[in-house]
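The values are calculated or read from the model by the stated rules, or taken from the named source; none is laboratory data. Here the structure is a predicted model, which is why all the values come from computation and not from measurement. Glycine gets a Cβ as well: all are built from the backbone with ideal geometry, and neighbour counts include every protein chain shown.
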Amino acid sequence: MALASIKDHEIIEAMKTRFKAIAAGADYYYTYKHVTDWYTATYDKVGDSPSIDIKDDEESLLQVQESSETLHDIDMLVHIDIICIGKSHVENIRKMKADLLKNINTDLTWGGLAFHTTFISSQRNVVDQLGRKVSDMRISIGIHFRKNAWSN
Amino acid sequence: MSITERDIFLNTTDFAETVVFTPFGGSAKTLNGLFWSPGEVVNVGGVDIILQNYMIELPSEEVAGSDTNSTVVKNSITYYTGEQLPDGHGFTKINLSLDQY
């Protein structure tokens, strides 16, 4: 018996690979220092910025149908946090949002792992200034993919 | 001239450091004050970031009425002023940032 599939993990890894390849130049405004998922360490300097942290959240069945006995079509909610430290980042975070949206749109199937990706929302979150300006923008997307029923 | 308790804190051979304070839109003046830089963790985007929360205590009469984004220069580093918290005993604690407000 083969190991269970881990489609959600493969999709998140594909996202990280794509975002790590973003480089400032003709196509994008910024290069991103860290591209992580569910990062737990602590940034301590401006050199850690800008960074992206991906958080896969709720997964739900797109539609219950007869085929659901063997196949699950999943809608996976993914939050992408852009974290900035230092002057001008409060303003420049809008360019970073544009970078990510452009990159996501280059392939909405994530290398064929999903069948579609939809934009849900973007939201400016904390802006703090304890010694430095820090800010965060969260982009939420839905990734629709198919997997065998009762696998991951 | 009598020495006040505050003068003891502003003595640069003991506690204080010399800084250049420039009120926003005003003229620079050299002052002695007490500088603090404790680390503080903020959580932004689900990620912890440790930052130094710079503060300085300066004689209240020297900084009274100055606006946000006045500057404090210490050791050639420029800090921008934020909130001012007078303690009612002659010192005003000012939050500082390396970035303009």
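No other residue among A:S5, A:S51 is in contact with a Gly (Cβ under 9 Å, 6 or more places away or on another chain) and at pLDDT below 95 apart from A:S51.
Among what's in segment B:57-101 and is aliphatic (A, V, I, L, M) and loosely packed, with under 14 Cβ neighbours inside 10 Å, pick the residue that is nearest to the chain's Cα centre (by Cα). Walk me through how you get there before you give the answer.
Here is the first cut: in segment B:57-101, the residues aliphatic (A, V, I, L, M) are B:58, B:63-64, B:72-73, B:77, B:85, B:94, B:96, B:98.
Add one more test, that the residue is loosely packed, with under 14 Cβ neighbours inside 10 Å, and what stays is B:64, B:77, B:85.
Numbers: B:A64: 13, B:I77: 12, B:L85: 10 Å.
Applying the filter and picking the extreme gives B:L85.
Within segment B:72-101, being polar (S, T, N, Q), out of contact with any Lys or Arg (no Cβ under 8 Å at 6 or more places or on another chain) and away from chain A (no Cβ under 14 Å) holds for B:N75, B:S76, B:T92.
Which members of segment B:33-58 meet the condition of being touching a residue at least 24 places away in the same chain (Cβ under 8 Å) and either part of a strand (DSSP E or B) or closer than 30 Å to A:S140 by Cβ (or both)? Even if it seems obvious, please write down each step before you answer.
From segment B:33-58, those touching a residue at least 24 places away in the same chain (Cβ under 8 Å) are B:33-35, B:53-58; that's our starting set.
B:G33, B:L34, B:F35, B:M55, B:I56, B:E57, B:L58 - these are the residues of segment B:33-58 that are touching a residue at least 24 places away in the same chain (Cβ under 8 Å) and either part of a strand (DSSP E or B) or closer than 30 Å to A:S140 by Cβ (or both).
Does B:N69 satisfy being in contact with a strand residue (DSSP E or B) (Cβ under 6 Å, 6 or more places away or on another chain), outside any strand (DSSP E or B) and either under 29 Å from A:K45 (Cβ atoms) or without any contact (Cβ under 8 Å) to a residue 12 or more places away in the chain (or both)? So B:N69 fits the description; yes. Contact annotation: residue pairs with Cβ atoms under 6 Å, 6 or more positions apart or on different chains, pairing a residue in segment B:72-101 that is free of Cβ contacts under 8 Å to residues at least 40 places away in the same chain with a partner that is assigned to a strand (DSSP E or B) and basic (K, R), are B:L85/B:K93; B:D99/A:K133. Residue count for segment A:12-39, restricted to those that are within 9 Å of another protein chain (Cβ to nearest Cβ) and over 21 Å from A:S140 (Cβ atoms): 0.
Scan segment B:9-24 and tell me whether some residue there is part of a strand (DSSP E or B), modelled with pLDDT of 90 or more and within 13 Å of chain A (Cβ to nearest Cβ). No. Restricting B:V63, B:V42, B:V19 to those that are closer than 30 Å to A:T36 by Cβ and not charged (D, E, K, R) reduces the list to B:V42. All conditions but one from (1) in a loop (DSSP other than H, G, I, E, B); (2) at pLDDT 95 or above apply to A:E10; the one that does not is (1).
Out of the strands (runs of 3 or more DSSP E) lying entirely within segment A:51-152, which hold 3 or more residues that are within 13 Å of chain B (Cβ to nearest Cβ) and charged (D, E, K, R)?
A:51-61, A:133-148
Considering only residues in segment A:39-91 that are out of contact with any strand residue (DSSP E or B) (no Cβ under 8 Å at 6 or more places or on another chain) and among the acidic types (D, E), the one that is surrounded by the fewest Cβ atoms within 10 Å (Cβ to Cβ) turns out to be A:E66.
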